[in-house]
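Taking it in order: structure first as structure tokens, then the write-up.
None of the figures in this text is laboratory data; all of them are computed from the coordinates on show. Just so we're clear, the structure is a prediction, and the values are computed from it rather than from any experiment. Here Cβ is always computed from backbone atoms with ideal geometry, including for glycine, and neighbour counts include all displayed protein chains.
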Amino acid sequence: MHPMLNIAVRAARKAGNLIAQTYETPDAVEASQKGNNDFVTNVDRDAERLIIEVIHKSYPQHTIITEESGELPGEDADVQWIIDPLDGTTNFIKRLPHFAVSIAVRIKGRTEVGVVYDPMRNELFTTVRGQGGQLNGYRLRGSTARDLDGTILATGFPFKMKQHAATYINILGKLFTQCADFRRTGSAALDLAYVAAGRVDGYFEIGLKPWDFAAGELLVREAGGLVTDFTGSHGYLTSGNIVAGNPRVVKALLANMREELSDALKR
């Protein structure tokens, strides 16, 4: 096993165990609003602290970028750990059991390791660049869909960026006439993991952050899929506008979205 994957798995499991335990005792959860429709809990922060402790024990010199604490610079800026300690916080607060820990390692700008851990189902998605992806040790294979006909697509509403609401609803309406159905689960990390596992055929979302998609993006690509922005290029690393699926599904998604895109979403 890749040594950094080993540490990422250890950190994800430790954080996941804490999250699962706290899920059983909702009175211990303290939630607050940190932005527009954006919540954080003491569990997010405690899980993040556990992850950072595990990483620093083995790699004290590495840089860590987290959702809650921001960037923690290390002596080695070439290696970045990108962490979302609890992706799906709103689900967690509402006691809807669908959320995950997401950890990725980027070396010199390339994502090399990814882990997405769902503690409620004990599902561990892991990947190393060039070595494929796995779910609890079994090889991940994405959807074999040839076009949008009959597909199940995942998405996330742009609840933090409601200025895009009209465009988003137009895109959704157009795609809905082409596909079988949609899923909107509340965790981008798990949506991408589910694309990698073939549980959904494709996925798109507006304005994600690196910690939302860093691990899931590598899972999709290592399962034979594509990840692009809304114009088919790599701008999603900065815009967070993501389309994912197998090459044929991504091509069909992009073709349907193209005419509906506002200028702001073409970046």
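Quick notes on this structure:
- Taking 0.36 nm per residue of separation and subtracting the Cα-Cα distance, full extension of the segment from M120 to K162 would add 12.1 nm.
- Using the rule -39500 (n - 2.57) for each DSSP H run of four or more residues, divided by the residues of the chain, the 222 nm mean residue ellipticity is -11000 deg cm²/dmol.
- Extension gain, D263-A28: 0.36 nm per intervening residue step, less the Cα-Cα distance, totals 80.1 nm.
- Sequence-separation-based contact order of region 152-265, relative, with Cα cut under 8 Å and 6+ spacing, percent: 28 percent
- Computed over region 154-211, the range of Cα coordinates on each principal axis works out to 32, 31, 14 Å, biggest value leading.
- On Cα atoms only, tilt of 247-257 relative to the major axis of the chain in degrees: 60 degrees
- Gyration tensor analysis over the Cα atoms of region 152-265 returns equivalent ellipsoid semi-axes of 19, 16, 13 Å (largest first, whole Å).
- Placing a label point 7 Å from the Cα of D149 along the Cα-to-Cβ direction, the residues of region 243-267 whose backbone N falls under 16 Å from that point are 248-249, 252-253.
- Under Stokes-Einstein, with the Kirkwood radius over Cα pairs as Rh, the value for the chain at 10 °C and 1.306 mPa s is 86 µm²/s.
- Distance distribution P(r), region 3-139, all Cα-Cα pairs, bin width 5 angstrom from 0: 2, 10, 21, 23, 19, 14, 8, 3, 0 percent.
- Cα principal axis extents for region 226-267, largest first, Å: 25, 22, 10
- All lysines inside 30 Å of K251 as judged from Cα atoms, apart from same-chain residues fewer than 8 positions distant: K108, K160, K162, K174, K209, K266
- Comparing M257, A180, P158 along the charge dipole axis of the chain, the residue lying farthest to the positive side is A180, per the Cβ-charge model.
- Put simply, when 170-177, 250-257 are sorted by average Cβ atoms within 10 angstrom per residue, most first, you get 250-257, 170-177.
- Nearest-ten-degree value, helix 165-176 long axis tilted from longest Cα axis of the chain: 70 degrees
- Fully extending the segment from N42 to N6, taken as 0.36 nm per residue of separation minus the present Cα-Cα distance, adds 10.3 nm.
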